[in-house]
Structure formats: structure tokens, C-alpha cells
Amino acid sequence: MTIGATKFSHSEGDPVTYARYNQVRFYMATTLTGTYSVQTTENMDVDNASLETVWDDTDGISTNYYKVSYYNNVTTLESALSDPISGGGLDVESVRYITDMILREADDEKESITKRDEILDWMNDCNADIMARRRKWSWLYTRAASSRVADQETYSLSTNFGVTNAYKIDHFDYNLNDGTQDVTYRLREVPKEEFDYITEDNDADSSDSLQKFCWDEAMDYIRVYPKPATAGTAVFYLYYYKELALLDSDGDTIEIPDSRLYKYYCLQQFYNKKDDKRRSDYYAIKYEQAIANLVRRENKTIGQPRSFPYNPDGLRKYFKY
């Protein structure tokens, strides 16, 4: 490759590196979702041991939030802003905090054996393993509401309910308030084949007294029967288990209520990579113990009798709850 003269002299064989950015911009807002404004722009410090560019906000308080971006003061090119970080420090359930903890325990803070991106992949592998262990975790159980539309059978999970991460639907409640009654009850779920059969008459009468529903996963919407006759605000209540969100940045917050699972899983992979079977097996055992504890936490209630003996007429029988 033939090029013109460089701005600085180089000896033959010297590496020449192109840097898209040469500065770091620090932004601040007083609330998490507030407006972030530039506080200072600092030249990148590439000569220190930690390869970090540091700015100390001497007037900062713990309730402030900060974001950073890379900036080129010649071309004015600026990168996307980072995830917000609280002035009070990293959230203990954030990817960055957990990754720092893993690297410290592995004595690899300089990332000579593994990189943060690889640890992030391991954390998502841990998510997949947790989801494979159990279909219904209580901390993934949630609800979304939607309104009723006259003569509309289908309701999109993403558009009508604002749900894009449904893993399994638990049940579907409906509120009927027609002026003479105000009741909330569950609609009966039926398979798609049965639902297609009962709705084959396109000229069937509409009614607000809904009876059944089905989840058409292929089309990602809920279908109700019969078609509503009138509109109604926030009358559908979808109870479902969501999927674990993909972890893809330092500012992401974990949803599993025990960060040790990530630590044990990632350290197991770390020592596998080092071919240290003894330590890898140690963290594998710790990981399985943490999962067992997580399962035990799901049994939150002591419970009560499902039936009791009662014979008001001298008859020996059980009245079921």
C-alpha cells in the first residue's frame, strides 16, 4: 500500500493505529429518564495503566445519573450514549457490577484470559439454562391490559397489550360492565383447532358476554369469542410468564433474583477455559446449589387443606374447595 507522508515520523515496522474518536463526553441528568446535558469533554487518556478516562464531578450528588459517549473533535463524530449509571454507584444487579465481581474473583481484572464480551455471552447462556430448568418462575409472572374493540376478534400482543416477551400465557381475565352487572371472570382457553370451528360462521352475532379465547402463537395475537359488540377501555387482563431479557450492555439489570447464579456459572466456564477441572467442578457444585435454593424460594406459601370432611345430613363425604 502506498500512501502520502504521515503527520508524524515512524520507523519501519511501527504499528499505525487509526482511532475514530479522541475524546470522551460526560453527560448528566437529575433523574434516570430526564434530559442529559454535556458536563465536560475530556481527551482520552490512553497512557494510564487502566486505559480509563476519568472525570470527577466535584458537585455531583448520589441521585444524579450519568452517561458517556466517544467524540471526535475534528470530524464532530459522536457515538451513541452509554447506559445510565447512578451517581451513587453501580447497581449491584447490573451487568457491569457482576462482571467486575467475576473478574476480581477470577483474578483476571486485566482481562488477560477472558474478556467482558465473553462473560456477557456466558451470562446469557446462564439465562438459557435457567429457563430450561423450569417453565414458570414466579419472578417472571406479570400482567398486561388491553381495551375491547367492537366487532374485533383478534388482539395483538405487541400492539394491543404492549407485550413482546410472552413465554407462556397463564390465564386471561375479562371485565364485563354493561350497566346492569360488573363482573370479572376468566375466559376459557381452547385449542386453535376448536376455536376455528366455533368461529367459522363469519355472520355470527356479536356480544360483550365473552366466553372463550385462544393464543395464536403463529400470528402473535389473542382471539376472543364471541366478537365484542361494543368498545370497552382496559377490560382484558393477560396474565403471563415473560422470557428473560437478553443481556447486551453493562447497564442492563438482571431479572433472576440471585446474582450468585451468574457468578458461579461464569467462573465455572472461566476455569473450564483455563483447563482447571478442580475449580471448575467447585463452581459447578455451587451453581447447582444456588439453583436448588432458587427452586425452594418458589414455594412461598405454607398452603391450606384442599378438602375437609363434613356431613350435615349424616352422610360421609367430602366437600371440595
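The values are calculated or read from the model by the stated rules, or taken from the named source; none is laboratory data. These numbers were taken from a predicted model, which means no experiment stands behind them. FYI the Cβ positions are ideal-geometry reconstructions off the backbone, even for glycines, and counts take in every protein chain you see.
Kindly check whether there is at least one residue in segment 4-26 that is surrounded by 10 or more Cβ atoms within 10 Å (Cβ to Cβ) and under 30 Å from SER259 (Cα atoms).
Yes, the conditions are met somewhere in segment 4-26.
How about segment 140-175: which of its residues are exposed (fewer than 15 other Cβ atoms within 10 Å of the Cβ), of a type outside the set (S, T, N, Q) and over 12 Å from TYR237 (Cβ atoms)?
Hits for segment 140-175 are TYR141, ALA150, ASP151, GLY162, TYR167, LYS168.
Scan segment 272-289 and give yes if some residue there is at pLDDT 85 or above, in a helix (DSSP H, G or I), under 25 Å from MET101 (Cα atoms) and among the aliphatic types (A, V, I, L, M), otherwise no.
From segment 272-289, those at pLDDT 85 or above are 272-289; that's our starting set.
Restricting the remaining residues to those that are in a helix (DSSP H, G or I) gives 272-273, 277-289.
Adding the requirement that they be under 25 Å from MET101 (Cα atoms) leaves 272-273, 277-289.
Now restrict to residues that are among the aliphatic types (A, V, I, L, M): 284-285.
Checked segment 272-289: at least one residue is at pLDDT 85 or above, in a helix (DSSP H, G or I), under 25 Å from MET101 (Cα atoms) and among the aliphatic types (A, V, I, L, M).
Matching residues to (1) under 31 Å from the mean Cα position of the chain (by Cα); (2) modelled with pLDDT under 90; (3) exposed (fewer than 13 other Cβ atoms within 10 Å of the Cβ):
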{"residue": "GLY34", "(1), (2), (3)": "yes, no, yes"}
{"residue": "GLU42", "(1), (2), (3)": "no, no, no"}
{"residue": "ASP56", "(1), (2), (3)": "no, no, yes"}
{"residue": "TYR71", "(1), (2), (3)": "yes, no, no"}
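Residues being part of a loop (DSSP other than H, G, I, E, B), farther than 23 Å from GLY89 by Cβ and in contact (Cβ under 8 Å) with a residue 40 or more places away in the chain: count how many of those fall in segment 10-55.
Within segment 10-55, the subset part of a loop (DSSP other than H, G, I, E, B) is 10-22, 30-36, 44-55.
Those left that are additionally farther than 23 Å from GLY89 by Cβ: 10-22, 44, 46-47.
Keeping just the survivors that are in contact (Cβ under 8 Å) with a residue 40 or more places away in the chain gives 20-22.
Count: 3.
Mind telling me which of the residues ASP117, ASP108 ends up being in the same structural domain as GLU255 (by TED's automatic domain parsing), surrounded by 15 or more Cβ atoms within 10 Å (Cβ to Cβ) and either part of a loop (DSSP other than H, G, I, E, B) or free of Cβ contacts under 8 Å to residues at least 12 places away in the same chain (or both)?
Only one candidate passes the filter, namely ASP108.
Which of the residues belonging to segment 70-86 are over 17 Å from GLY34 (Cβ atoms) and either in a strand (DSSP E or B) or hydrophobic (A, V, I, L, M, F, W, C) (or both)? Talk me through it step by step, then tell me what you get.
Within segment 70-86, the first condition is being over 17 Å from GLY34 (Cβ atoms), and the residues that meet it are 70-80.
Of everything in segment 70-86, those that are over 17 Å from GLY34 (Cβ atoms) and either in a strand (DSSP E or B) or hydrophobic (A, V, I, L, M, F, W, C) (or both) turn out to be TYR70, TYR71, VAL74, LEU77, GLU78, ALA80.
Quick check on ALA80: is it loosely packed, with under 14 Cβ neighbours inside 10 Å, at pLDDT 90 or above and outside the structural domain of GLY251 (by TED's automatic domain parsing)?
Working: loosely packed, with under 14 Cβ neighbours inside 10 Å: yes; at pLDDT 90 or above: yes; outside the structural domain of GLY251 (by TED's automatic domain parsing): yes.
Answer is yes for this residue.
So ASN299 clears everything in (1) in a loop (DSSP other than H, G, I, E, B); (2) surrounded by fewer than 13 Cβ atoms within 10 Å (Cβ to Cβ); (3) at pLDDT 95 or above except one condition, right? Which one?
(3)
Hey, could you check segment 87-105 for residues that are in a loop (DSSP other than H, G, I, E, B) and among the hydrophobic types (A, V, I, L, M, F, W, C) and say which is modelled with the highest pLDDT? Steps first, please.
Let us first name the residues in segment 87-105 that are in a loop (DSSP other than H, G, I, E, B), namely 87-93.
Applying the additional criterion that residues be among the hydrophobic types (A, V, I, L, M, F, W, C) yields 90, 92.
Working: LEU90: 81, VAL92: 88.
So, considering only residues that are in a loop (DSSP other than H, G, I, E, B) and among the hydrophobic types (A, V, I, L, M, F, W, C), the one modelled with the highest pLDDT is VAL92.
Looking at segment 115-122, can you tell me whether even one residue there is among the hydrophobic types (A, V, I, L, M, F, W, C), in contact with an Asp or Glu (Cβ under 8 Å, 6 or more places away or on another chain) and farther than 30 Å from TYR237 by Cα? Can you show your working first?
Here is the first cut: in segment 115-122, the residues among the hydrophobic types (A, V, I, L, M, F, W, C) are 119-120, 122.
Then keep just the ones that are in contact with an Asp or Glu (Cβ under 8 Å, 6 or more places away or on another chain); that gives 120.
Now restrict to residues that are farther than 30 Å from TYR237 by Cα: 120.
Yes; the residues of segment 115-122 include at least one that is among the hydrophobic types (A, V, I, L, M, F, W, C), in contact with an Asp or Glu (Cβ under 8 Å, 6 or more places away or on another chain) and farther than 30 Å from TYR237 by Cα.
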